[in-house]
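Beneath this line is the structure, given in structure tokens, with notes to follow.
The values are calculated or read from the model by the stated rules, or taken from the named source; none is laboratory data. Just so it is clear, the model here is predicted, and its values are computed rather than measured. Positions of Cβ are generated from backbone atoms using ideal geometry, with glycine treated the same way; all protein chains shown enter the neighbour counts.
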Amino acid sequence: MKKEIKYGDIFDVGIDEPVYTSGVVCRLLGIPVWVLKQLDKEEIVSPPRKKGRSRLYSKNELNKLSHIWYIMQEKKVKITSLRYVLEMEAKVYKEK
């Protein structure tokens, strides 16, 4: 019996593998380019560049960006306050 191959099996990418360009990230998450650039500038989510090329984001960073975008949109937190909010969240979750 022949095993059916699913596309997820072929393109299985590790959670920390940097494969998503900033354009793809913006399209997937609905984040404006300027926000992504500002988050990079503030080093809140700043994946390394590879030999002068554009930054590549991992699934892990996409998850973090999705959470950050939620905080910004739903909780009305500005980029300048994000670092503090994320640190407080990390502290709360660490204590549990």
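Checking M72 against (1) modelled with pLDDT under 90; (2) surrounded by 15 or more Cβ atoms within 10 Å (Cβ to Cβ), only one condition comes out false. Which one?
For M72, the exception is condition (1).
So which residues in segment 1-23 are modelled with pLDDT of 80 or more and either on the phi > 0 side of the Ramachandran plot or among the aliphatic types (A, V, I, L, M) (or both)?
Answer for segment 1-23, where residues must be modelled with pLDDT of 80 or more and either on the phi > 0 side of the Ramachandran plot or among the aliphatic types (A, V, I, L, M) (or both): V13, I15, V19.
For residues that are at negative phi and loosely packed, with under 15 Cβ neighbours inside 10 Å, scanning just segment 41-58, find the one that is nearest to the chain's Cα centre (by Cα). Don't jump to the end; show me each part of the working.
At the first step, the residues of segment 41-58 found to be at negative phi are 41-42, 44-50, 53-58.
From the residues that got through so far, the ones that are loosely packed, with under 15 Cβ neighbours inside 10 Å too are 41-42, 46, 48-50, 53-54.
Working: K41: 14, E42: 14, S46: 9, P48: 13, R49: 15, K50: 17, R53: 18, S54: 15 Å.
Among those residues, the one meeting the criterion is S46.
Kindly evaluate L62 against the criterion of being surrounded by 17 or more Cβ atoms within 10 Å (Cβ to Cβ), touching a strand residue (DSSP E or B) at 6+ places or on another chain (Cβ under 9 Å) and in contact (Cβ under 8 Å) with a residue 12 or more places away in the chain.
For L62, the condition - surrounded by 17 or more Cβ atoms within 10 Å (Cβ to Cβ), touching a strand residue (DSSP E or B) at 6+ places or on another chain (Cβ under 9 Å) and in contact (Cβ under 8 Å) with a residue 12 or more places away in the chain - is met.
Considering only segment 25-58, how many residues are outside any loop (DSSP other than H, G, I, E, B) and either out of contact with any strand residue (DSSP E or B) (no Cβ under 8 Å at 6 or more places or on another chain) or under 21 Å from Y84 (Cβ atoms) (or both)?
Total satisfying the criteria: 12.
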